[in-house]
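Notes for the one structure printed next.
Just so you know, all these numbers are worked out from the coordinates, no wet-lab data involved. For clarity, every value in this text was computed on a predicted model and none was experimentally measured. Cβ placement follows ideal geometry from the backbone for every residue including glycine, while neighbour counts extend to all protein chains displayed.
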Amino acid sequence: MSGEKKSWFTRLKEGLSKSTQRITQGITGLFVKKKLDQKTLDELEEVLIQADLGVAVAGRLVENLRKTRFDKEVTDEEVRGAFADDIAQILAPVAQHLAISPEHKPHVVLVVGVNGSGKTTTIGKMARQFVEEGRKVMIAAGDTFRAAAVEQLKIWGERAGVPVIAKESGADAAGLAFEALQQARAQGADVLLIDTAGRLQNKTGLMEELAKIVRVMRKLDPTAPHSCLLVLDATVGQNAHSQVEVFREMVAIDGLVVTKLDGSAKGGVLVALAERFKVPVVAIGVGEGIDDLRPFDARQFARSLMGLETAA
Amino acid sequence: MFDGLSKRLGDVLGRLRGRGALSEADVDAALREVRLALLEADVALPVVKEFIDGVRPKAVGTEVIRSVTPGQMVVKIVHDHLVEMLGGEASELDLSAVPPVVVLMVGLQGSGKTTTTAKIAYRLTLGPQGMAAGAFGGSFKERKKVLMASLDVTRPAAQQQLKILGEQAGVATLPIVPFEQPLGITRRALEEGRRGGYDVIMLDTAGRLAIDEQLMAEVAAVRDAAKPTETLLVADAMTGQDAVNTARAFNEKVGVTGIVLTRVDGDARGGAALSMRTVTGRPIKLIGVGEKIDALEQFHPDRIATRILGMGDIVSLVERAAETIEKEEAERLAAKVRKGQFDLEDLLQQLRQLRKMGGLQGLMGMLPGAMQAKAAMQKANLDEKLIKRQEAIILSMTRKERRNPDIIHASRKKRIAAGAGAQVQEINKLLKQHAEMVKMMKRVNKLGEKGLARSLGNMMPPGFPR
Ligand SMILES: Nc1nc2c(ncn2[C@@H]2O[C@H](COP(=O)(O)OP(=O)(O)OP(=O)(O)O)[C@@H](O)[C@H]2O)c(=O)[nH]1
Ligand SMILES: Nc1nc2c(ncn2[C@@H]2O[C@H](COP(=O)(O)OP(=O)(O)OP(=O)(O)O)[C@@H](O)[C@H]2O)c(=O)[nH]1
Ligand SMILES: [Mg+2]
Ligand SMILES: [Mg+2]
């Protein structure tokens, strides 16, 4: 267990450290124990902006630093540490686990998001984790639109050792969700993961379809879905705000998953999202393999984002 | 957020209303807001800086045209610069090599490569029957025989996905051979492409991270084997600051010939387009505007510019205002030409116009029978530096001198030359050119409309900036 933990942590760090190399270099270049002046602060702000934190959040973090350390002699380590602390503080309240409640049989997890963000892959990874926790898991292939979406999910189901309930391409997604819930109940499943087609949040028709999936499922279980996860791609910029805003309105998002954090994108917009929406971040994706799903750790994320070693 | 820039610019520049040219301080204040707007639109910071540095000199000293506010004027200047940086004109696929022409699709995971592969193939297969095929430029005008192959051995059911899309679109796909590796698939695709007499081979690849050395090397090996005519980087319009890193890495390691921006049907501002275009210098060739097979369009820099700034209405308002004023100005000049009262003040106006529009179109358009002349003028190569020099000379004259060039004698010439940092000969040359222009205009008036076109075509005397 601890061996595995270390390996995922190393991977996360590898991914994040590459993504933060530039931030680190930026800041290290800025400080060799010198006075924290306005110019330096401006440069720091730019470093944060380049991590997708957004102008407002970057400005506020820098302002915070200005208040406490302006004109003092500081080292790069101190500055990075201070930023990481501030960021971790913002993120700490949203770092949560996806709690599966045993009262629901099954606990229904609806997975939504824009196209290509990593929904299907994340479902495969989650299925595996739940199986490892000893739960009985089923998956519903709610993406009846995209070419080979069902085939893709079936392969993930095989990998995780979990049955996938699917219909022919073009079938009604809400109808499929309904039937899947029926079957999952009949078979006494603990968790039902429902994949959905990717949709851009400005397409009202497609967003309406999500609401319909929820409505139809509630005919069977008025409390379903018990979790609704929005999957975000770490490369996304400020449009993430609009994604969270609109999806949340449509289907009451209660968790975020951020994928592709093994790349060079920093996912810094998460900091702004945490401040603004306070939606929990329940997992992060750090690769294309089935084991590349990690819990979201605020301090680690913040320190890695600032290119700092995380205390083991 | 969206209409933020115009309001903010209004606040910053409101007090300037009706005061003429934009000062350096005004421009700086305005550009601070522009910087914010660009960052909100996800333009990468280094690119924002480059943009601001490029637009500042264009804005400082610009006359605010009548009936628009200084804020609106800045928006227009910023917009035009943005269009320029985005590539100005729409550019198209290059499929001119000896067939089968290879198109290689690369990009991050989930960016839309497979979908775009099928969209392009479908469009090429349709040929002239395709709705608005002409709007895609020449490469889409002929019906092509296309073969698609998926080299994606990573993502589950990736090859299946392309196969299904091929069936839906009526485009051939290379038969799937289980466990075959990307290079092997590539070779088979090339062979099949030649054997089957295909015009175009589209190679779809697995999504990969730009920092994944191994996978980047793999796609570089595919490139070496396939020698693609086009290597298209497929990127999501929602991409944030990382767009520069991704675009740079793919361009350095694989060599990109063009960019396809996907999910432009979303509500992202699309600043990534500017970031990627700027760091790679490669044009954005196509945009994806939906999930369906026909949701592919040509890239229009002006539309994306408007979207990044989020204020197309202001841009067109300023354009209309500018048009009216140019028209009025041209009418005024035309009247002066007719009366033979064309003084140095008018020449100055004309030089400025020339520089702005790259020709005498504004004036020409107003004169009868000017079309042929216009064509002749367009052929002429304008020397921007020379025009600026002549402007400087006129600007160091007094108003009185510009109205009555006859009073400019030796001592005045010396003073003007010193003021413009020029030689007295240059002053003489300019005065002579002006005199000849006036003479020609008078003759043109006598010749009437028919002669006008002919004379205007070679109206500019030798030595005059062309
Ligand atoms: N590197 C990396 N790639 C990922 C990660 N998560 C998903 N991917 C890849 O991203 C691509 C898209 O993933 P999918 O799971 O198909 O995305 P989706 O949201 O289901 O896509 P649609 O159903 O088409 O909207 C695939 O190539 C995945 O392998 C991650 O954490 N890291
Ligand atoms: N709305 C919209 N969706 C698009 C567009 N282009 C692609 N998509 C969708 O984006 C998702 C991912 O597209 P793919 O073509 O599978 O992406 P890919 O780059 O091949 O993904 P990998 O092979 O996993 O790296 C799918 O759901 C597509 O339907 C577009 O222009 N607009
Ligand atoms: Mg999917
Ligand atoms: Mg693909």
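The angle separating the long axis of helix A:55-69 from the principal Cα axis of greatest extent in chain A is about 40 degrees.
Bridging of B:LYS119 to aspartates and glutamates at a Cα separation below 14 Å is possible for B:GLU167, B:ASP204, B:GLU291, B:ASP294, B:GLU297, once same-chain residues fewer than 8 apart are set aside. Reducing the stretch B:162-211 and the stretch A:67-137 to their Cα centroids gives an inter-centroid distance of 38 Å. Along the axis of the charge dipole computed for the stretch A:130-274 (Cβ charges of +1 for Lys and Arg, -1 for Asp and Glu, origin at the Cα centre), the listed residues A:LEU273, A:VAL244, A:VAL214 are led at the positive end by A:VAL214.
Using θ = phi - 60° in the Karplus curve 6.51 cos²θ - 1.76 cosθ + 1.60, the 3J(HN,Hα) couplings for the stretch A:202-207 round to 8, 8, 4, x, 5, 5 Hz; x is entered for Gly and Pro. When the P(r) of the stretch A:165-312 is calculated, the portion above 21 Å amounts to 51% of the C-alpha pairs. With each label modelled as a point 7 angstrom along the Cα→C-beta vector, the B:LYS145-A:ALA92 pair spans 6.9 nm. The Cα-based radius of gyration of the stretch A:76-155, divided by its Kirkwood radius, gives an Rg/Rh of 1.14.
Going down the table (B:LYS141/B:LYS227; A:LYS125/A:LYS154; A:LYS260/B:LYS253; A:LYS154/A:LYS203; B:LYS163/B:LYS253), which pairs top 22 Å between alpha carbons?
Working: B:LYS141/B:LYS227 24 Å; A:LYS125/A:LYS154 13 Å; A:LYS260/B:LYS253 20 Å; A:LYS154/A:LYS203 27 Å; B:LYS163/B:LYS253 28 Å.
Too far apart for the 22 Å limit: B:LYS141/B:LYS227; A:LYS154/A:LYS203; B:LYS163/B:LYS253.
Where Rh denotes the Kirkwood radius from the mean inverse Cα pair distance, what is Rg over Rh for chain A? Here Rg/Rh amounts to 1.03. Once backbone amide H atoms are built at 1.01 Å from N, A:ILE165 has A:ILE139, A:ALA140, A:ALA141 as its partners under 5 Å, excluding neighbours fewer than 5 places away on the same chain. Under a 5 Å amide H cut-off, with hydrogens placed 1.01 Å from N, A:VAL281 pairs with A:ALA95, A:GLN96, A:LEU256 among residues at least 5 apart or on other chains. Other residues within the sphere of radius under 10 Å centred on the Cβ of B:ALA97, judged by their own Cβ, net out at -1 (K and R +1, D and E -1).
So if we plug the beta-carbon distance of B:GLN425 and B:ALA21 into 1/(1 + (r/R0)^6) with R0 = 22 Å, what FRET efficiency do we get, rounded to 0.05?
Details: r = 31 Å, r/R0 = 1.41.
About 0.10, to the nearest 0.05.
For B:MET148, the residues whose modelled amide H falls within less than 5 Å of its own, excluding neighbours fewer than 5 places apart on the same chain, are B:ALA172, B:THR173, B:LEU174, B:MET202.
If the label point is 7 Å along Cα→Cβ of A:GLU63, which residues in the stretch A:236-276 have backbone nitrogen under 18 Å from it? Under 18 Å, as judged by backbone N against the label point of A:GLU63, lie A:271-276 of the stretch A:236-276.
Phi-derived couplings, Karplus 6.51 cos²θ - 1.76 cosθ + 1.60 at θ = phi - 60°, listed residue by residue for the stretch A:246-251: 6, 4, 5, 5, 7, 9 Hz, with x used for Gly and Pro. Taking the alpha-carbon distance from A:LYS278 and a cut-off under 20 Å, which aspartates and glutamates remain once sequence neighbours fewer than 8 residues away in the same chain are dropped? A:LYS278 reaches A:ASP52, A:ASP85, A:ASP86, A:ASP233, A:GLU245, A:GLU249, A:ASP254, A:ASP297.
Please go through the residue pairs B:LYS49/B:LYS385; B:LYS339/B:LYS439; B:LYS336/B:LYS400; B:LYS336/B:LYS413; B:LYS336/B:LYS388 and name each one whose alpha carbons sit more than 20 Å apart in this structure. Provide the component values of the computation, followed by the final result.
Working: B:LYS49/B:LYS385 26 Å; B:LYS339/B:LYS439 11 Å; B:LYS336/B:LYS400 18 Å; B:LYS336/B:LYS413 26 Å; B:LYS336/B:LYS388 23 Å.
Pairs exceeding 20 Å: B:LYS49/B:LYS385; B:LYS336/B:LYS413; B:LYS336/B:LYS388.
Computed from phi, the 3J(HN,Hα) profile of the stretch B:433-438 under the Karplus parametrisation 6.51, -1.76, 1.60 (θ = phi - 60°) reads 4, 4, 4, 5, 4, 4 Hz, with x in place of Gly and Pro.
If you look at the Cα atoms of the stretch B:101-299, you get an Rg and a Dmax of 15.5, 45 Å.
Under the 0.36 nm per residue contour assumption, what length would be gained going from the current alpha-carbon distance of A:ARG276 and A:GLU249 to full extension? Provide the component values of the computation, followed by the final result.
Numbers: separation 27, 0.36 × 27 = 9.72 nm, distance 1.44 nm.
Length difference between fully extended and current span is 8.3 nm.
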